[in-house]
Structure formats: C-alpha cells, structure tokens
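S.K.: Attaching a single structure in structure tokens format; questions to follow.
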Amino acid sequence: MQEGKKVILSIKGIQVNPMGEDNKIELITEGRLYKKDDVYYIEYEESTVSGLEGTKTLLIVGDNRVFLERTGAHESRFVFEKGRKYVSYYETPFGSLEMGVFPTRIDCDMDENKGKVDLKYQLDISGKYAGLNELMVSYQEDAPQRLFKS
C-alpha cells in the first residue's frame with residue numbers, strides 16, 4: 001500500500017450466534033487511508049482486543065463492494081457485495097476453515113477526511129449457519145470521540 005495518511009479508526013464488531021447470544025468488541029486504533037481511482041483503502045493492525053493480534057487488516061472500498069483482507073497470524077479474504085454469497089478460507093495458526101459471507105447491508109460513506117464502512121452479513125462455517133455479524137469501521141483525522149453518535 002502507498003503512504004496514505006494517518007487516521008484514527010473506531011472499529012465495532014458484533015457477532016450474534018445461532019442461539020441469539022452476542023459478542024461485541026470495540027477498538028480505537030491508528031490506521032492509514034489511501035485513495036486511488038475512486039477506491040478507498042483502509043489499513044490497520046489488529047490487537048488482542050479483536051483476538052487477531054499479529055494480523056494486518058486491509059479494507060478496499062469501491063462502488064457497492066467491500067473487499068476485506070487479513071494477513072499475518074490469521075489470514076482471510078472476503079468480498080462483500082449485496083445479494084451475493086462469497087466463500088473463502090480463513091487461515092489460523094490451528095488450521096483453515098471454509099467460511100461464507102452473505103451481506104445483508106453494505107453502507108459506505110467516505111471521503112478523504114472522514115467516513116464509515118458498515119457491513120452486516122450472515123456467516124457460514126463449513127456450509128453451516130454460524131450467525132449474523134456486523135462490522136462498523138469509522139475514521140477521521142480528528143479526535144476519536146466524535147466517530148460514532150450515541
């Protein structure tokens with residue numbers, strides 16, 4: 001990835017398992033933002049908070065489509081495109097899993113100074129329903145306290 005600019009990221013993840021139990025994480029971290037040909041690139045390092053320490057995440061946001069790539073200790077590549085299921089492999093230090101994502105919401109509003117990516121999707125593991133997930137990533141150059149409205 002090119003140099004880009006430093007941004008403050010607020011990342012929220014919600015996982016709801018098939019029994020309706022949810023697991024939430026929130027993380028504020030530094031990242032980098034880059035734009036090329038109307039496509040935005042957001043890159044950041046995962047931490048122990050997300051359970052993916054030693055992993056770098058890259059979000060590539062284009063027209064009605066988001067590509068998520070993780071490299072390092074946990075490797076995965078997913079495409080989020082409304083109405084289309086995407087199947088890939090999630091590589092961990094303990095082995096690989098077949099994972100499928102079927103987005104139900106893709107909401108992106110981005111510019112060079114601030115923006116957000118909001119994904120909601122069904123997750124399948126080895127072809128079986130594993131839950132409903134949501135990933136919300138907001139960024140700005142300013143202080144992080146204004147990233148999300150309560």
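The values are calculated or read from the model by the stated rules, or taken from the named source; none is laboratory data. As the structure is a prediction and not an experimental result, all values here were calculated from the model. Heads up, the Cβs are rebuilt from the backbone with ideal geometry, glycines too, and the neighbour counts pull from every protein chain shown.
S.K.: Do we have Glu46 as at pLDDT below 90, surrounded by 18 or more Cβ atoms within 10 Å (Cβ to Cβ) and within 19 Å of Leu9 (Cα to Cα) here?
M.R.: yes
S.K.: Among (1) within 19 Å of Cys108 (Cβ to Cβ); (2) in contact (Cβ under 8 Å) with a residue 12 or more places away in the chain; (3) exposed (fewer than 14 other Cβ atoms within 10 Å of the Cβ), there is one condition Asp37 misses while meeting the rest; what is its number?
M.R.: Tallying (1) within 19 Å of Cys108 (Cβ to Cβ); (2) in contact (Cβ under 8 Å) with a residue 12 or more places away in the chain; (3) exposed (fewer than 14 other Cβ atoms within 10 Å of the Cβ), Asp37 fails exactly one: (2).
S.K.: Still on this structure, please answer the following. When you scan the range 10-28, how many residues do you find that are touching a Pro at 6+ places or on another chain (Cβ under 9 Å) and either surrounded by 15 or more Cβ atoms within 10 Å (Cβ to Cβ) or at positive phi (or both)?
M.R.: The qualifying residues number 1.
S.K.: Which of (1) out of contact with any Cys (no Cβ under 6 Å at 6 or more places or on another chain); (2) touching a residue at least 60 places away in the same chain (Cβ under 8 Å) does Val117 not meet, given it meets every other one?
M.R.: It is condition (1) that Val117 fails.
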